[in-house]
Amino acid sequence: MRERRIALLGVTGSIGRQALEVIDATPELTVCALASGSQPLDKLAAERGVEHVQVGGDLTDVLEASQPDVVLNAVVGFAGVRTTLWALEHGVALALANKESLVAAGELAVSAWKRGGGLLLPVDSEHSGVFQCLEGRARETIEAVVLTASGGPFRNHSRDDLESVSVAEALDHPTWSMGPKITIDSATLANKGLELIEAHFLFDLGYDRLDVVVHPSSIVHALVRFRDGAMLAHLGQPDMRIPISFALTYPERRATPVSTLDFSEALELAFEPADPERFPLLALAREAGERGGTYPCAFNAANEVAVAAFLEERIRFVDIAALVADALDRVDGAPAADLSELVGADEEARRLAAGRVATT
Ligand code: NAD
Ligand code: MG
């Protein structure tokens, strides 16, 4: 593998920190640019001799200045849209953790990807698993992709119980250790909804070929069903360093320090359906995806506002879904012809959701 210069966006976050570990363990990977939303990066940049650094603002500036070989987009939320589009448009390999950008800007991203012709490697563990199961398969043999969900900390809570769960309980994820926004999304199952839409754009599959199953131990990350009835599964420890390393060293698949599954102990491979009554955000995301246009963008925007309000203890856990449903009812959802129209759709959904937060 030749040297790869990586622009690491969102370096101070959960994915960003794990990516640094992977990069440090792989001699050909170097960091050429670092970015965060608001945390200062002077110390980190000085320690590593990184010249290009940006804190906040339009992060395409640091990409233009550093001209990386790979962009690792590990920013959280819609803030990752511009850099996703930049990498795809320029044909620069994109290791994508920031699922919100593909959900919100799916159509624009896919056309930029087609024009740019570069690699788009998913870092999201389920999509990394699907990507690996699909590699080298003839398209017409693929019947469906099934994403697994841990079910989150409230998998066995009743609807009544959900009314009173606390922020601390929602942040206590049973299998994955992640940033706060995605941890709440995992508790509501909005994360799996975002991932359905992400899979639709990444793998060019209709929603009728995308499914979700709850798998509490998070050992199986993805399943692909073929037309002959066979299924391939992707298994491994729930540890993000595996998909991060896969994306950054693709197609070489370098060694990682992650332990393998231990078959000398019993492993739980249980599966159960997701409950739409208690976790309505999954169905709302699917519906937004099927409606297309800027509905997925609105779903994402309203969800970001609602999750932030829940984390600030301004609304209850169950209000998150109610706020998103309300915003989706009120937006027009018309397709966005360009980034400025998309930003308009994002702002409109945020405004509607914020209005509801104020009156909840
Ligand atoms: P995090 O909250 O731990 O970190 C977010 C990073 O984004 C921080 O470095 C922060 O400074 C930066 N950031 C926030 N707002 C920004 C802005 N406006 N401009 C520039 N940078 C900004 O989040 P995380 O858990 O590392 O998740 C990052 C992304 O990866 C999310 O999209 C998440 O859905 C996705 N993801 C995370 C995991 C995981 O295990 N953490 C797994 C799969 C996918
Ligand atoms: Mg995931």
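The values are calculated or read from the model by the stated rules, or taken from the named source; none is laboratory data. Predicted model, so just to flag it, every value in this text is computed and none were measured. Cβ coordinates were reconstructed from backbone atoms using ideal geometry, including for glycine residues, and neighbour counts include every protein chain displayed. Just so you know, the surface numbers come from the protein's heavy atoms only, side chains and all, with ligands and any DNA or RNA stripped out. Shrake-Rupley method; radii C 1.70, N 1.55, O 1.52, S 1.80 Å.
Could you list all residues from the stretch 26-61 that are in contact (Cβ under 8 Å) with a residue 12 or more places away in the chain, small (G, A, S) and within 8 Å of ligand 1 (Cβ to nearest atom)?
Taking the stretch 26-61 and keeping what is in contact (Cβ under 8 Å) with a residue 12 or more places away in the chain, we get 26, 28-41, 44, 48, 50-56, 58-60.
Now restrict to residues that are small (G, A, S): 33, 35-38, 56.
Those that are in contact (Cβ under 8 Å) with a residue 12 or more places away in the chain, small (G, A, S) and within 8 Å of ligand 1 (Cβ to nearest atom): A35, S36, G37, S38, G56.
Residues are listed down the side, and each one gets a yes or a no for (1) open to solvent by 40 Å² or more (accessible area, probe 1.4 Å); (2) touching a Phe, Trp or Tyr at 6+ places or on another chain (Cβ under 7 Å); (3) part of a strand (DSSP E or B); (4) away from ligand 1 (no atom under 13 Å from the Cβ):
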{"position": "I6", "(1), (2), (3), (4)": "no, no, yes, yes"}
{"position": "T12", "(1), (2), (3), (4)": "yes, no, no, no"}
{"position": "I15", "(1), (2), (3), (4)": "no, no, no, no"}
{"position": "L63", "(1), (2), (3), (4)": "no, yes, no, no"}
{"position": "E89", "(1), (2), (3), (4)": "yes, no, no, yes"}
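Give me the pairs, please: first residue somewhere in the stretch 109-132 and over 17 Å from V76 (Cβ atoms) and charged (D, E, K, R), second residue anywhere and at pLDDT 95 or above and open to solvent by 10 Å² or more (accessible area, probe 1.4 Å), beta-carbon distance under 6 Å, and either six or more positions apart or on two chains.
Once the first residue is over 17 Å from V76 (Cβ atoms) and charged (D, E, K, R) and sits in the stretch 109-132, its partners that are at pLDDT 95 or above and open to solvent by 10 Å² or more (accessible area, probe 1.4 Å) give E126/H221.
Kindly indicate the residue of the stretch 65-87 that is within 11 Å of ligand 1 (Cβ to nearest atom) and part of a strand (DSSP E or B) and also surrounded by the fewest Cβ atoms within 10 Å (Cβ to Cβ) among those meeting that condition. Before the answer, list the steps.
Initially, the stretch 65-87 is screened for residues within 11 Å of ligand 1 (Cβ to nearest atom), giving 72-84.
Checking the rest, the ones that are also part of a strand (DSSP E or B) come to 72-73.
On the way: L72: 33, N73: 30.
Selected residue: N73.
Give me a count of the residues in the stretch 261-282 that are of a type outside the set (D, E) and free of Cβ contacts under 8 Å to residues at least 24 places away in the same chain. Please lay out each step first, then the result.
Here is the first cut: in the stretch 261-282, the ones of a type outside the set (D, E) are 261, 263-264, 266-267, 269-271, 273-274, 276, 278-282.
Among the residues that remain, those that are also free of Cβ contacts under 8 Å to residues at least 24 places away in the same chain are: 263-264, 266, 276.
Residues in the stretch 261-282 being of a type outside the set (D, E) and free of Cβ contacts under 8 Å to residues at least 24 places away in the same chain: 4 in total.
Can you name the residue in the stretch 156-179 that is crowded, with 17+ Cβ neighbours inside 10 Å and not in a loop (DSSP other than H, G, I, E, B) and is also nearest to ligand 1 (Cβ to nearest atom) among such residues?
Applying the filter and picking the extreme gives A170.
Taking L147 as the residue in question, decide whether it is surrounded by 15 or more Cβ atoms within 10 Å (Cβ to Cβ) and within 16 Å of ligand 1 (Cβ to nearest atom).
Working: surrounded by 15 or more Cβ atoms within 10 Å (Cβ to Cβ): yes; within 16 Å of ligand 1 (Cβ to nearest atom): yes.
It is true that L147 is surrounded by 15 or more Cβ atoms within 10 Å (Cβ to Cβ) and within 16 Å of ligand 1 (Cβ to nearest atom).
Just to be sure before I move on: is V165 away from ligand 2 (no atom under 13 Å from the Cβ) and over 16 Å from D275 (Cβ atoms) in the structure I sent? Reasoning before the result, please.
Values: away from ligand 2 (no atom under 13 Å from the Cβ): yes; over 16 Å from D275 (Cβ atoms): no.
No; evaluated as a whole, the condition is false for this residue.
Since A199 meets every condition but one in (1) open to solvent by 10 Å² or more (accessible area, probe 1.4 Å); (2) in a helix (DSSP H, G or I); (3) within 16 Å of ligand 2 (Cβ to nearest atom), which condition does it not meet?
A199 satisfies all of (1) open to solvent by 10 Å² or more (accessible area, probe 1.4 Å); (2) in a helix (DSSP H, G or I); (3) within 16 Å of ligand 2 (Cβ to nearest atom) except (1).
Can you name the residue in the stretch 295-310 that is touching a residue at least 60 places away in the same chain (Cβ under 8 Å) and open to solvent by less than 10 Å² (accessible area, probe 1.4 Å) and, of all such residues, is nearest to A349 (Cα to Cα)?
Among those residues, the one meeting the criterion is A301.
Going by the structure shown, is R254 basic (K, R), outside the structural domain of E163 (by TED's automatic domain parsing) and not in a helix (DSSP H, G or I)? First the steps, then the outcome.
Details: basic (K, R): yes; outside the structural domain of E163 (by TED's automatic domain parsing): yes; not in a helix (DSSP H, G or I): yes.
In short, yes.
Have a look at R330, R316 and point out the one that is at negative phi, open to solvent by 10 Å² or more (accessible area, probe 1.4 Å), among the basic types (K, R) and in contact (Cβ under 8 Å) with a residue 60 or more places away in the chain. Walk me through it before giving the result.
Details: R330 fails: in contact (Cβ under 8 Å) with a residue 60 or more places away in the chain.
Result: R316 is the single residue among R330, R316 that is at negative phi, open to solvent by 10 Å² or more (accessible area, probe 1.4 Å), among the basic types (K, R) and in contact (Cβ under 8 Å) with a residue 60 or more places away in the chain.
Hey, among V123, V103, V146, which residue is β-branched (V, I, T), within 16 Å of ligand 2 (Cβ to nearest atom) and out of contact with any helix residue (DSSP H, G or I) (no Cβ under 8 Å at 6 or more places or on another chain)? Show your work before the answer.
On the way: V123 fails: out of contact with any helix residue (DSSP H, G or I) (no Cβ under 8 Å at 6 or more places or on another chain); V103 fails: out of contact with any helix residue (DSSP H, G or I) (no Cβ under 8 Å at 6 or more places or on another chain).
Only one candidate qualifies: V146.
Cβ-Cβ distance below 7 Å, separation of 6 or more or different chains: which pairs start in the stretch 335-353 with a residue that is more than 19 Å from V307 (Cα to Cα) and end on one that is open to solvent by 80 Å² or more (accessible area, probe 1.4 Å)?
Taking only residues 6 or more apart or on different chains, the pairs are P335/E107.
Please pick out the residue among R253, R316, R286 that is farther than 30 Å from L94 by Cβ and at pLDDT 95 or above. Working first, answer last.
Working: R253 fails: farther than 30 Å from L94 by Cβ; R286 fails: farther than 30 Å from L94 by Cβ.
None of the other options fit; the residue is R316.
Determine whether the stretch 184-191 contains at least one residue that is in a loop (DSSP other than H, G, I, E, B), within 22 Å of E100 (Cβ to Cβ) and within 16 Å of ligand 2 (Cβ to nearest atom).
Of the stretch 184-191, the ones in a loop (DSSP other than H, G, I, E, B) are 189.
After this cut, where a residue has to be within 22 Å of E100 (Cβ to Cβ) as well, the list is 189.
Right, trim to within 16 Å of ligand 2 (Cβ to nearest atom) and you get 189.
Among the residues of the stretch 184-191, at least one is in a loop (DSSP other than H, G, I, E, B), within 22 Å of E100 (Cβ to Cβ) and within 16 Å of ligand 2 (Cβ to nearest atom), which makes the answer yes.
Within the stretch 125-134, identify whether any single residue is away from ligand 1 (no atom under 16 Å from the Cβ) and under 21 Å from L232 (Cβ atoms), and answer yes or no. Steps first, answer last, please.
First pass over the stretch 125-134, keeping only residues away from ligand 1 (no atom under 16 Å from the Cβ): 133-134.
Keeping just the survivors that are under 21 Å from L232 (Cβ atoms) gives 133-134.
Yes: the stretch 125-134 contains one or more residues that are away from ligand 1 (no atom under 16 Å from the Cβ) and under 21 Å from L232 (Cβ atoms).
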